[in-house]
1. Of the residues B:187, B:140, which is crowded, with 23+ Cβ neighbours inside 10 Å and under 19 Å from residue B:84 (Cα atoms)?
2. I'd like the residue in region A:95-131 that is outside any helix (DSSP H, G or I) and without any contact (Cβ under 8 Å) to a residue 12 or more places away in the chain and, out of all such residues, is surrounded by the most Cβ atoms within 10 Å (Cβ to Cβ).
3. Filter region B:437-474 down to the residues that are over 25 Å from residue B:668 (Cα atoms), touching a residue at least 40 places away in the same chain (Cβ under 8 Å) and surrounded by 21 or more Cβ atoms within 10 Å (Cβ to Cβ) and list them by number.
4. Of the conditions (1) within 14 Å of chain A (Cβ to nearest Cβ); (2) in contact with a Pro (Cβ under 8 Å, 6 or more places away or on another chain); (3) surrounded by fewer than 23 Cβ atoms within 10 Å (Cβ to Cβ), residue B:200 fails just one. Which one is it?
5. Would you be able to say whether some residue in region B:324-342 is closer than 16 Å to residue B:59 by Cβ, buried (at least 24 other Cβ atoms within 10 Å of the Cβ) and among the aliphatic types (A, V, I, L, M)?
6. Search region B:367-388 for residues being more than 7 Å from chain A (Cβ to nearest Cβ) and of a type in the set (A, V, I, L, M, F, W, C), and hand back the single one that is farthest from residue A:116 (Cα to Cα).
7. When you look at residue B:603, is it under 23 Å from residue B:433 (Cβ atoms), modelled with pLDDT of 90 or more, buried (at least 17 other Cβ atoms within 10 Å of the Cβ) and under 29 Å from the mean Cα position of the chain (by Cα), yes or no?
8. On the basis of being among the small types (Gly, Ala, Ser), free of Cβ contacts under 8 Å to residues at least 40 places away in the same chain and touching a Pro at 6+ places or on another chain (Cβ under 9 Å), does residue B:506 make the cut?
Amino acid sequence: MTYNDVLLQQVINGVSLGAMYSLLALGFTMVYGIIELINFAHFNVFMVGSFFSRWVLKLTGLVGQRVALTGFPLVGTLLLALVCVMLFCGLLGVAIERTVLRPLRNVPGTAAMITTIGVSYILFNVILLTQGADAKNFPNPMPVVVWKVSGADLRLREVLLWGISLLLMGGLHFFVRRTRLGKAMQATAQDQEAARMMGIEVDTVVMTTFFLGSALAGAAGLIFGLYYNFTSYVIGYTAGLRAFTAAVLGGIGSIPGAMVGGVLIGLIESLGGQLLATRWTDVIIFSILVIVLVLRPTGLFGRMIIRKS
Amino acid sequence: MTESAGAKARAGSAIGAQLRRIPAAQRRAAILTAVSVLLLAFPLIDRNGGDIDAAANACAFATLALGLNIVVGYAGLLDLGYAAFFAIGAYTYGALSSWQIQPQWSEFWEPFASLGLVARIHAEGVPDVVHMTVSFWLGMPICGVVAAIFGVLFGAPTLRLRGDYLAIVTLGFGEIVPIVARNWPYMTNGAIGLNGVAPPRLFGYSFGVESWPFYYLGLLMIAALIFISLRLQNSRVGRAWMAIREDEIAAAAMGINRVSLKLLAFAVGAAFGGMTGAFYVSKLQTATPDMFMFPVSVMILVMIVLGGMGSVYGVVLAAIILQLLQSWFLQDLTGWVHKLGHWVGSSWDVQLAQSISGWLQRVDLVQSIELIFGIILVTMMLFRRQGLIPATRPTPALTLEQQTAHASRGGFALPVRGIEPKKAEPQRAMIEIRKLTRRYGGIIAVKDLDIVVETNSIVALIGPNGSGKSTTFNLITGMDEPSSGKVFLLDQDITGLPAHLITQRGIARTFQNLRLFSNMTVRENILVAMHSRTTTGPLAAVLRTPRSRAEEREAEERAIEIIGAFGNRLLPRANQMVKELSYANRRRVEIARALASRPKVLLLDEPTAGMNPAETLELSDQIRSLRTMGLTVFLIEHKLNVVNDIADKIIVLDHGEKIAEGTAAQVHSNPQVLEAYLGRKAAHA
């Protein structure tokens, strides 16, 4: 492998990571766009999603990486896991919104944010206490198929993961742009008060946003497991912070921004790890967060938020 | 609020009623004394070394909570990485006083050695090395200063951002510091931990590994930090912090420099954390990166939330409760659950009972402490946001007599100090606006506006909704920046100055939709407005220097005077929370607050909105008497009868442009004005 091939390999890895961060960043950005709240619970909804999809895959009889499926069984199993985890995490997100966040929606100050930290911590510790602290093997039914691109390896699993991510993001884009509820979401993000006066049920919109964002986090949880072949109770924290950076980099509140930001962060992580050292990855990504916030708080695609006086 | 207070009163026993007859101040002093004696005697009563050690650790966490309380509780800045400052303090002390850093001996170290800060270590076969031996009593303040510097460094770029961004940046920062600690073995010895940190020595006696000297040192630190916190809370600095917490924009309009005060809060909080770091690491005599991870930051946040944000005694109490929970209660509870499991298992010999029994006997509740933290955060936010000991108490209801106030005519009877009558120079412009324009994207809110507000006059700005009146006010007061054009105050260019400097120059304003500090009392609201006319800094506030005491006394007197100017409308309510006031009274507080900043010119944005006709007349008289006192008044008003009555000059805006200017009579006969107000048809009818 030449040095260029190594870099190419890291680009492939980076895009795969980035696809996952994009899915996770979408949840942050959508919730922030609608109710201007940084949802720390999102970190661990993702982590719970990863554990739930592991459970679903185990129910189908998969253990470890020994069983490789092809054709319809492979697509069917993945689709089943994807639908189940998205539904579960979506409902978890809705439950969080309904029970603890809705009563605090109009409370000024940091109350709602502190609540999401509390919820995040509860999810984190419930998994730690019930599943244990050791990393868990994640069943993976994908056969090992490798294509050579120049000198780098492109594996089937990466192509599949890109496919799933693109499909979900395309679906989200269609939903937000074309459907009635999606348009209501856009309107609410612009001006909640005006949207309410136009007869939009803001509560429904907020609930939908939490459902979609959390469902995507669940999908990201499944992808994490399939990509790394393990899951653990600690994955939410690091991945969450990176995905949030992606959302800020793309411009918080902007859906295309989250997608692009996610891929950029994935590339920075893999190439930065290659060019510097993996142990400084978090420092690099954190520096990006601060630099973007200071120099260009609206990110790459962010809309200017005019403050209401 | 009143219901629960009533229920409590009913539930209060006869003893409670007796206790209530003791004055509140004495009661508080008695409780404090009793608690202090109990805490001081604790190591004598409980001779279990483990308990005393846990108590000493509780002291460390209480001081951390007091530090975070300055940042989160007082200034309202959510810091999720507070443990970083704890770590910085700990490693700074490690560098100053341990075997960690051992540079080679050279001439450079001679002067330090003679001061006793370092020692020369000689060993056979290798060059001499330096051993850092800075005394704890010197090292601890240094750690505080270093942490404060880091607080400023990390705060400076991010404090301009919205509060929620700050939370995520501090979270990241809290994650980075342990990573740096792990990856910088020269300073920190990485994951293995610091090597041989020196314990404090006092009069030749080393604290060593015993817990009780640390316990007493910890108590002393708590006492000192409580003292500092309380002194700051009731000072110019503390009030400014709380104003920023309540409403940043209004705080700026009161002349508060938000950035520097937020940085100050960050620095003070970080200093507390850094000093605690020195204390903790000298007690453990080592430090590893794991000690400063996210869970520590969360635990301290839980203390603040449980105790009550901004409540000094509350956060200390919460620190104690959490420590008790961790070291005693959960262990005991686990023991009981195990016993219960054993009993279930031996009582019923069925499969279900056996599995329940097995599960019960394996439960370890101490492990679930973090889960409990999460539950505390959520529960407190949902059901008791003010915490166990609220920082502010509800004020008793007013008597019927105090509540009733009648509209009085004739304006302010009393002269208000600080507003001196101006010598008549009526033709000079107090405020002059030249070619002022503000665009938002494609919309032009204000276009090429020229306005002159003459000294000691009342000028009214009228116009339909959305005609750019409030935008004009925002542009004058620095809340918004003009796209082009200039603003002058007494011939001085003030265009683009930050809001707090404009207030300092002498422009005060009220807001159309009320921006009061609603969780502060009327009196405190007024005192905040004097920020730019007073000078007490944090140090003077803590030491309560004669000058700061004199200044505080004068500010208090003036506040009461200004409140008194509104007669029995505000005076009986001086110590009530603003959020408990009626709408009209809140409008009065806004005006009183603007007056308190000793302005030359007062900008009133719809001062009579929401007032009944009698109250409106009362306020009109008062505005007129402000001019008699020597003030210049520039107001936006929709009630044309008020405008006609009091304004010397009326300026009419429509679609961001001036369409008419002149006396009431001139303006009312202007066809353009009629069109703007009544529509085209009516104007031509």
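The values are calculated or read from the model by the stated rules, or taken from the named source; none is laboratory data. These figures come from a predicted structure and were not determined experimentally. Don't worry about glycine lacking a Cβ; one is built from the backbone with ideal geometry, like all the others, and counts go over all protein chains shown.
1. B:140
2. Ranking the qualifying residues of region A:95-131, first place goes to A:110.
3. Hit for region B:437-474 is B:438, nothing else.
4. (1)
5. No.
6. If we take residues in region B:367-388 being more than 7 Å from chain A (Cβ to nearest Cβ) and of a type in the set (A, V, I, L, M, F, W, C), then B:388 is farthest from residue A:116 (Cα to Cα).
7. Yes, satisfied.
8. Answer is no for this residue.
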